[in-house]
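Asker: Have a look at the structure that comes next, please.
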Amino acid sequence: MKLLNTLAVALPLVMGSLAAAPAVVPAPKAPVTTNKVKLQLPPAIYAVPGIESNIYFDNVVNVINPDNYVFDVTCAKGRNDQKRWRYTPAAGDKGVFPLKLTVLSANGVEAEGTTQLIVTPAESGKGKNISVLVIGDSLTAASVYPQRMYDLLKANGHPGVKFIGTTGRKNSLAKHEGYGGWAWNTFLTKKNPTKVKPGTAVSPRHRASPFLFNGKFDLTRYLKENNNGKAPDFITIQLGVNDVFGATDKNQAETIAKILQNADNLLGALRKEAPNAIIGVGLVTPGAKTQDAFGSNYANGQTRWQYKKNQHALNAAMLKKFANYPDKKVFLVPSCVNLDCENNFPVRKEAVNGPDFKGNRRTVIRQSNGVHPAPTGYNQMGDTFYCWIKYQLSK
């Protein structure tokens with residue numbers, strides 16, 4: 001998880017470069033930002049031929065209405081649309097390319113920053129059997145993006161790919177350790193199953209942490225029982241939504257400090273017993289495009305804007321902390337930028353007014369889930385993790 005500065009943009013890439021990269025890739029520049037616009041780009045965007053990679057502009061600026069700004073992308077690859085930059089590499093495309101994003105208003109440049117586009121051949125690591133441990137919360141528990149990762153890896157040169165886990169879709173080999181409502185610390189502290197009322201369905205989220213045995217973290221035993229004692233080649237982690245969701249402006253900094261400590265603790269525990277695993281940590285994903293989605297789930301309990309402020313603040317702190325993280329096998333996965341929060345979240349048809357209202361009987365389509373994407377959105381997350389793994393296999 002390599003990350004960057006608070007208001008932040010990309011930091012220099014420390015993960016190595018591809019043999020076929022352009023001769024010199026300029027180091028990302030320090031951000032230019034204003035009090036109104038906070039721009040946040042990851043250190044790298046990963047791409048593989050045949051897979052669409054995106055930067056959705058609303059996901060990288062902490063503003064209420066991105067339609068008030070112009071987003072200008074400078075890059076040798078891809079296409080600059082109104083709401084996103086997009087790029088699907090053609091067969092044979094490869095290399096590392098600088099990408100600059102400038103945010104403008106009627107007052108001029110409000111923010112700008114750089115990152116690096118890394119295009120990796122789909123055949124990278126072909127024939128190599130790999131094992132992957134996928135850790136996360138309800139976004140992982142939905143089992144969609146792990147399945148997408150598994151299918152892409154298996155179809156592109158890894159017939160022996162194994163996903164390690166104790167939960168997942170029935171009859172699927174894309175196993176994982178994803179549980180609704182869990183946070184970084186849950187995997188280290190949940191010693192006993194959650195007690196539920198009689199007659200209440202017991203879901204996987206109620207179980208104890210799969211990594212705890214006799215109350216202690218024991219990845220060695222976990223791997224013995226689930227992977228013939230072998231450590232995974234890759235560990236991916238997608239956490240943070242539950243950790244930061246309920247923060248307020250008043251306690252945000254304190255909440256984030258605790259989250260980062262919990263992240264350190266879990267990463268350290270995993271590293272102790274899997275010394276060679278390459279770990280990819282996803283930046284915290286944004287929520288749905290509209291307040292309708294948050295109202296549908298949380299009534300008056302949370303607004304889209306507060307969650308966005310919390311999510312951006314946590315990502316900014318992560319980017320700063322992990323820019324020089326001592327564990328050089330921990331990397332950032334930019335799962336927050338490649339998620340279409342407008343078109344790839346659940347929707348439902350609703351009456352314009354209540355059922356008892358006499359007059360307007362029209363219906364409209366409204367978003368209906370605040371933080372959980374539709375399958376198409378989950379697939380975008382899976383694409384991001386897949387492209388990251390392919391890059392790691394190319395090194």
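The values are calculated or read from the model by the stated rules, or taken from the named source; none is laboratory data. Note that the structure is predicted; figures quoted are calculated from it, not measured. Note: ideal-geometry Cβ built from the backbone for every residue, glycine included; neighbour counts use all protein chains shown. The protein model used for the area step is the full one, side chains on, heavy atoms only, and it has no ligands, DNA or RNA in it. Shrake-Rupley method; radii C 1.70, N 1.55, O 1.52, S 1.80 Å.
Condition check ((1) in contact with a helix residue (DSSP H, G or I) (Cβ under 8 Å, 6 or more places away or on another chain); (2) closer than 21 Å to THR236 by Cβ; (3) open to solvent by less than 10 Å² (accessible area, probe 1.4 Å); (4) in a helix (DSSP H, G or I)) across all residues:
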site: ILE279; (1), (2), (3), (4): yes, yes, yes, no
site: VAL284; (1), (2), (3), (4): yes, yes, yes, no
site: PHE294; (1), (2), (3), (4): yes, no, yes, yes
site: GLN302; (1), (2), (3), (4): yes, no, no, no
site: LYS309; (1), (2), (3), (4): yes, no, no, yes
site: MET318; (1), (2), (3), (4): yes, yes, yes, yes
site: LYS328; (1), (2), (3), (4): no, yes, no, no
site: GLY354; (1), (2), (3), (4): no, no, no, no
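Asker: Taking LEU314 and the conditions (1) open to solvent by less than 40 Å² (accessible area, probe 1.4 Å); (2) touching a Phe, Trp or Tyr at 6+ places or on another chain (Cβ under 9 Å); (3) of a type outside the set (Ser, Thr, Tyr), which numbered condition does it fall short on, given that it satisfies the others?
Answerer: In the conditions (1) open to solvent by less than 40 Å² (accessible area, probe 1.4 Å); (2) touching a Phe, Trp or Tyr at 6+ places or on another chain (Cβ under 9 Å); (3) of a type outside the set (Ser, Thr, Tyr), LEU314 misses (2) alone.
Asker: Quick one: would you say GLY50 is on the phi > 0 side of the Ramachandran plot and at pLDDT 95 or above?
Answerer: Here the answer is yes, as GLY50 does meet what is asked.
Asker: Limited to the range 385-395, what total is found for residues that are of a type outside the set (A, V, I, L, M), part of a helix (DSSP H, G or I) and either open to solvent by 10 Å² or more (accessible area, probe 1.4 Å) or free of Cβ contacts under 8 Å to residues at least 12 places away in the same chain (or both)?
Answerer: Here the count works out to 2.
Asker: Still on this structure: Would you confirm whether any residue within the range 130-150 is closer than 22 Å to PRO334 by Cα, of a type in the set (Phe, Trp, Tyr), in contact with a Phe, Trp or Tyr (Cβ under 7 Å, 6 or more places away or on another chain) and not in a loop (DSSP other than H, G, I, E, B)?
Answerer: Yes, the range 130-150 has at least one match.
Asker: Any residue that is in contact with a helix residue (DSSP H, G or I) (Cβ under 7 Å, 6 or more places away or on another chain), open to solvent by 30 Å² or more (accessible area, probe 1.4 Å), in a loop (DSSP other than H, G, I, E, B) and among the polar types (S, T, N, Q) - is there at least one of those in the range 359-378?
Answerer: Yes, the range 359-378 contains a residue that is in contact with a helix residue (DSSP H, G or I) (Cβ under 7 Å, 6 or more places away or on another chain), open to solvent by 30 Å² or more (accessible area, probe 1.4 Å), in a loop (DSSP other than H, G, I, E, B) and among the polar types (S, T, N, Q).
Asker: So which residues in the range 269-302 are farther than 19 Å from PRO373 by Cβ and without any contact (Cβ under 8 Å) to a residue 40 or more places away in the chain, if there are any at all?
Answerer: Matches in the range 269-302: ALA299, ASN300, GLY301.
Asker: Next question. Among the residues of the range 168-185, count how many are open to solvent by less than 70 Å² (accessible area, probe 1.4 Å) and either in contact (Cβ under 8 Å) with a residue 40 or more places away in the chain or in contact with a Phe, Trp or Tyr (Cβ under 7 Å, 6 or more places away or on another chain) (or both). Full working, then the answer.
Answerer: From the range 168-185, those open to solvent by less than 70 Å² (accessible area, probe 1.4 Å) are 168, 172, 174-185; that's our starting set.
Then drop every residue that is not either in contact (Cβ under 8 Å) with a residue 40 or more places away in the chain or in contact with a Phe, Trp or Tyr (Cβ under 7 Å, 6 or more places away or on another chain) (or both), which leaves 174-185.
Count: 12.
Asker: Another one. Return the residues of the range 194-215 that are more than 30 Å from the chain's Cα centre (by Cα) and either within 14 Å of ASP137 (Cα to Cα) or of a type in the set (D, E, K, R) (or both); say none if nothing qualifies.
Answerer: Selection gives LYS195, LYS197.
Asker: Go through the residues of the range 64-71 one by one and say whether even a single one is assigned to a strand (DSSP E or B) and without any contact (Cβ under 8 Å) to a residue 12 or more places away in the chain. Working first, answer last.
Answerer: Within the range 64-71, the first condition is being assigned to a strand (DSSP E or B), and the residues that meet it are 70-71.
Okay, now just the ones that are also without any contact (Cβ under 8 Å) to a residue 12 or more places away in the chain, so none.
No: zero hits.
Asker: Report, by residue number, each residue of the range 135-160 that is open to solvent by less than 20 Å² (accessible area, probe 1.4 Å) and within 19 Å of TYR222 (Cβ to Cβ).
Answerer: The answer is ILE135, GLY136, ASP137, THR140, PRO146.
Asker: One residue is enough: does the range 337-345 have a residue meeting the conditions at pLDDT 95 or above and open to solvent by 60 Å² or more (accessible area, probe 1.4 Å)?
Answerer: Within the range 337-345, one or more residues are at pLDDT 95 or above and open to solvent by 60 Å² or more (accessible area, probe 1.4 Å).
Asker: Of everything in the range 201-220, what is within 13 Å of ALA269 (Cβ to Cβ), in a helix (DSSP H, G or I) and open to solvent by 20 Å² or more (accessible area, probe 1.4 Å)? Give them in sequence order.
Answerer: If the condition is that a residue be within 13 Å of ALA269 (Cβ to Cβ), in a helix (DSSP H, G or I) and open to solvent by 20 Å² or more (accessible area, probe 1.4 Å), then THR220 is the only one that fits.
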